[in-house]
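**Q** First, the structure itself, so that you have it in front of you.
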Amino acid sequence: MNPEIQRKVVGTFDFKSPKGVLPELCYNLLNQQKKVWKELSDNYKEFENVKYRDIDCGNYNVTLQYNHKRIVSTTAKTDNQSTQNRRCFLCVKNLPEEQKGILWHDMFLILCNPVPIFKHHYTVSHIDHVKQKLETFLNELLLLATDLSPDFTIIYNGPECGASAPDHMHFQAIPRRKLPAEN
């Protein structure tokens with residue numbers, strides 16, 4: 001394994017791993033990371049102050065979340081020139097020193113999202129700098145959903161849908177049944 005990746009790995013999960021243990025590994029990762037990574041710990045404490053508002057739209061409801069810590073990612077410049085002129089924050093070599101993760105099937109690193117939008121929020125980032133392209137990684141998305149079931153929902157926020165890192169393949173893992181579309 002690449003030494004750069006190896007120093008970021010605190011656990012692994014692959015086809016030999018027992019079924020059903022990945023959610024617990026993720027919970028343990030978050031607890032451990034909060035103890036050693038001040039930025040993550042502070043942002044999770046700040047998450048308690050997030051404001052919500054439900055709007056009844058007739059046949060459906062919309063939940064708004066005001067989370068001022070997310071302004072950096074929601075307003076990130078994601079055009080080609082901007083992404084080429086910045087260090088990719090999902091590349092292993094650019095991760096904060098304290099940030100560690102779970103190596104999933106030798107291809108993705110499950111990381112605690114440092115600016116959460118849910119109580120348990122993970123970014124599942126490819127270990128190589130490869131473009132966001134769902135059709136290339138659809139099987140992995142389905143396998144990840146199976147491995148993290150029943151605790152988590154996996155979402156793909158593609159380059160045309162507001163991803164703050166459209167140039168690096170990643171998924172998000174969030175608590176199941178927290179998206180309005182799931183209810």
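The values are calculated or read from the model by the stated rules, or taken from the named source; none is laboratory data. Note that the structure is a prediction, hence the values are computed from the model and not measured. Using ideal geometry, Cβ is built from the backbone for each residue, glycine included, and neighbour counts are taken over all protein chains shown.
**Q** Considering only the stretch 2-21, state which residues are touching a Phe, Trp or Tyr at 6+ places or on another chain (Cβ under 9 Å) and more than 23 Å from Pro96 (Cα to Cα).
**A** Once the filter is applied, which keeps residues that are touching a Phe, Trp or Tyr at 6+ places or on another chain (Cβ under 9 Å) and more than 23 Å from Pro96 (Cα to Cα), the stretch 2-21 yields Asp14, Val21.
**Q** Among the residues of the stretch 85-130, write down those that are β-branched (Val, Ile, Thr), over 27 Å from Leu64 (Cα atoms) and buried (at least 20 other Cβ atoms within 10 Å of the Cβ).
**A** Those that are β-branched (Val, Ile, Thr), over 27 Å from Leu64 (Cα atoms) and buried (at least 20 other Cβ atoms within 10 Å of the Cβ): Val92, Ile102, Ile127.
**Q** So which pairs qualify, if the first residue must be in the stretch 101-120 and in contact (Cβ under 8 Å) with a residue 24 or more places away in the chain, the second must be of a type in the set (Ser, Thr, Tyr) and in a strand (DSSP E or B), the Cβ gap must be under 7 Å, and the two must be at least 6 apart or on different chains?
**A** Close Cβ pairs satisfying both conditions: Ile102/Thr12; Leu103/Thr12; Phe108/Ser125; Leu109/Ser125; Ile110/Tyr122; Cys112/Tyr122; Asn113/Tyr122; Asn113/Thr123.
**Q** Considering each residue of the stretch 121-149, count those that are closer than 28 Å to Glu46 by Cα and part of a loop (DSSP other than H, G, I, E, B), and give that number.
**A** Result for the stretch 121-149: 3.
**Q** Do we have any residue at all in the stretch 107-120 that's under 14 Å from Val9 (Cβ atoms), at pLDDT 95 or above, over 14 Å from the mean Cα position of the chain (by Cα) and in a loop (DSSP other than H, G, I, E, B)?
**A** Among the residues of the stretch 107-120, at least one is under 14 Å from Val9 (Cβ atoms), at pLDDT 95 or above, over 14 Å from the mean Cα position of the chain (by Cα) and in a loop (DSSP other than H, G, I, E, B), which makes the answer yes.
**Q** Restricting to the stretch 55-91, and then to whatever is touching a strand residue (DSSP E or B) at 6+ places or on another chain (Cβ under 7 Å) and outside any loop (DSSP other than H, G, I, E, B), can you tell me which residue is modelled with the highest pLDDT?
**A** Per the stated criteria, the residue is Ile55.
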